[in-house]
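Structure first, commentary second.
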Amino acid sequence: MKKQFAFLAVGCLAVGLMAALGSAQKDKAARPSPAAKASCTLADGKTVTVDYFSPRAKGRKVYGGLVPYGDVWRAGANEATTFSTTADLMVGGSHVPAGSYTIFTIPNKDKWTLIISKKTGEWGIPYPGADSDFARVDMKASGLPAAVENFTIAFDKSAGGCTLRMDWETTRASVDISGM
């Protein structure tokens, strides 16, 4: 009898856990800022991947409004934006070893700063602080010819690797990445 009860209890627990996980997956898919991914394959076959959540402008003033100039921003929505690489890289002149990181930005009108944080696994805010920074890298800021509704992180292939770009509203921030 005890074995049957234990088996029944474990079965109920397993069903409950599966239902909770299924519900969590539905919740992520139904969010107003859906999950997105960008990746670049370097010449040696190694990869750089960014996982993020893509907020929508929805008619709001983004930079200088929703995202204040000069403040640390999580570069997306929801959970922290992750930056993973299977190769040692040069990111805008800074050496970044293979591994997983969290990225933040400091947007300004003419120049952005990319923050590569050693701390991982946290929610997107609050920023864990400068003591967790691995590197701070200058990003080029430029205008876009038309407004972009969905915040987008993407990679463009280049001769030496790829360019990471972040597009939203009428702004593009970018930084060159190359293998070592």
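What follows draws every value from the coordinates through simple rules; no lab data is involved. Please read these numbers as outputs of a predicted model, since none were measured by experiment. Because the Cβ atoms are built from the backbone with ideal geometry, glycine has one as well, and the counts that use them run over all protein chains shown.
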Starting with the highest mean, order 142-153, 37-48, 80-91 by the number of other Cβ atoms within 10 Å, averaged over the residues of each peptide. 80-91, 37-48, 142-153
Computed from the beta carbon distance with a Förster radius of 30 Å, FRET efficiency for residue 152 and residue 131 to the nearest 0.05 stands at 0.50
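Quick one: which of 93-104, 56-67 comes out on top by average Cβ neighbours within 10 Å, and what's the full order, highest first?
Answer by packing, highest mean first, reads 93-104, 56-67.
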Shape descriptors of segment 73-180 over alpha-carbon atoms, Rg and Dmax in angstrom, are 13.4, 38
